[in-house]
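Structure record follows, encoded as structure tokens.
The values are calculated or read from the model by the stated rules, or taken from the named source; none is laboratory data. These numbers were taken from a predicted model, which means no experiment stands behind them. In this analysis, Cβ positions are derived from the backbone assuming ideal geometry, glycine residues included, and neighbour counts consider all displayed protein chains. All accessible areas refer to the heavy atoms of the entire protein, side chains included, with ligands and DNA or RNA removed. Shrake-Rupley method; radii C 1.70, N 1.55, O 1.52, S 1.80 Å.
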Amino acid sequence: MTNSKLLEQFRSFYFRNYPDDMETQISYFSVFGGLGWDIDTSKPIDELIQEIILENFDILNAKIEELIDTEPTHKRLLQALAVGDRRIFSAFKRAGLNNGNGGGALNYLQDIGLIQMEYSRERHPREVNPNAKLKRREARHRISHKVLFAHPFVRFWFYFIVPQITNIRKKNYELLHVNIEAHLNSYTSLVFEELSEVLLNYNLRDAQIISSGSYWDANLEIDILTLTNDNKIYVSECKWKNHIINKKELHKLSEKCVKLNIIPTQIIFFSKRGFSKELMQLKSSALALYSAEDFEALVKSTSKDSLIENFI
């Protein structure tokens with residue numbers, strides 16, 4: 001279903017800061033979204049990270065520590081979720097937690113609103129074929145739910161800032177800036193994927209959506225799989241990269257649909273940099289293509305007076 005909280009934050013960020021274009025809106029929102037501070041989006045993002053985050057590190061760190069109750073297991077789990085594949089079991093392992101203390105930390109972070117669950121729609125092989133003799137790998141396979149951060153800024157903090165806290169306290173920012181430059185596009189991809197689902201479901205608002213979100217199982221992943229009550233299936237891939245999407249990506253996604261045994265009503269691509277001419281020529285009711293500027297639809301029908309306050 002549409003992530004209304006993320007949509008509210010996205011709109012709030014836009015009307016607070018009025019960026020020049022939607023690519024800037026998405027890029028800067030992925031870092032500062034949910035923070036609730038004024039952002040001068042005419043400045044380079046690395047300059048703003050220095051001014052807003054690093055020069056206010058003590059204030060922001062104290063607020064984060066207050067939110068997580070200064071509990072080390074909460075911090076370790078949030079860092080593992082920020083940098084990993086978002087799957088609960090792998091995050092527990094990365095954070096050195098077990099199902100007991102990891103589950104307790106997960107419940108606490110959910111209760112205070114820092115994270116939210118994204119439930120798997122995978123069916124275990126034993127459920128699919130109850131009487132079949134399964135291979136050991138299939139029998140031991142565990143279906144794992146995933147986690148989403150409720151505020152982009154909190155994920156940015158645990159993705160980039162927390163691993164460098166020792167250096168930041170010494171005001172040694174070199175490695176932090178190197179990491180941000182190398183990995184910011186990859187980091188932003190998840191926020192772009194979440195916003196793409198919001199835009200897709202916004203465009204399907206006249207339909208009754210019965211299931212939506214990313215899809216993953218033991219063999220494949222699809223960025224967005226949306227089902228409606230009239231048996232329509234929408235599959236989407238989202239690419240926050242500095243190159244266009246070409247026809248090869250359409251073949252890849254079509255192959256995934258075959259493996260999943262579904263016939264999509266529509267295939268949708270969301271792209272930071274647009275699409276090849278060959279792919280554009282295939283655009284139809286069965287293939288929709290969205291670029292960054294199309295996300296303007298999420299803000300142009302909203303008034304500034306209806307916006308939310310953010311968490312800091």
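The figures follow:
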| item | result |
| --- | --- |
| Number of the condition not met by Thr2 [criteria: (1) at pLDDT below 95; (2) in a helix (DSSP H, G or I); (3) not charged (D, E, K, R)] | (2) |
| Tabulated pairs, the range 99-126, first on the phi > 0 side of the Ramachandran plot, second assigned to a loop (DSSP other than H, G, I, E, B) and at pLDDT below 95, C-beta under 9 angstrom, 6+ apart or interchain | Gly113/Phe311 |
| Among residues of the range 30-81, those that are under 19 Å from Arg11 (Cα atoms), polar (S, T, N, Q) and part of a helix (DSSP H, G or I), counted | 1 |
| Residue match in the range 171-183 (condition: out of contact with any Pro (no Cβ under 8 Å at 6 or more places or on another chain), under 23 Å from Ala82 (Cα atoms), of a type in the set (Gly, Ala, Ser) and open to solvent by less than 40 Å² (accessible area, probe 1.4 Å)) | no |
| Every residue from the range 101-127 that is at pLDDT below 95 and in a helix (DSSP H, G or I) | Pro125, Arg126, Glu127 |
| Lone qualifier among Ala82, Ala95 - being in contact with a Lys or Arg (Cβ under 8 Å, 6 or more places away or on another chain), in contact (Cβ under 8 Å) with a residue 40 or more places away in the chain and of a type in the set (A, V, I, L, M, F, W, C) | Ala82 |
| Pairs where the first residue, in the range 253-277, is within 13 Å of Ser291 (Cβ to Cβ) and the second is buried (at least 18 other Cβ atoms within 10 Å of the Cβ) and of a type in the set (S, T, N, Q), C-beta under 6 Å, 6+ apart | Ile268/Ser236; Phe270/Ser196 |
| First in the range 20-33 and touching a residue at least 40 places away in the same chain (Cβ under 8 Å), second anywhere and of a type outside the set (Phe, Trp, Tyr) and open to solvent by 30 Å² or more (accessible area, probe 1.4 Å), Cβ under 6 Å, 6 or more apart | Met22/Glu293; Met22/Glu296 |
| Residue list for the range 40-57, filter: open to solvent by less than 60 Å² (accessible area, probe 1.4 Å), in contact (Cβ under 8 Å) with a residue 24 or more places away in the chain and under 14 Å from Ser27 (Cβ atoms) | Thr41, Ile45, Ile49 |
| Only listed residue being modelled with pLDDT of 95 or more, part of a loop (DSSP other than H, G, I, E, B) and out of contact with any Leu (no Cβ under 7 Å at 6 or more places or on another chain), chosen from Asn179, Asn172 | Asn172 |
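Yes/no per residue for (1) acidic (Asp, Glu); (2) modelled with pLDDT of 95 or more; (3) touching a Pro at 6+ places or on another chain (Cβ under 7 Å):
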site	(1), (2), (3)
Tyr215	no, yes, no
Leu220	no, no, no
Asp223	yes, yes, no
Glu237	yes, yes, no
Lys248	no, yes, no
Arg273	no, no, no
Lys277	no, yes, no
Asp294	yes, yes, no
Phe311	no, no, no
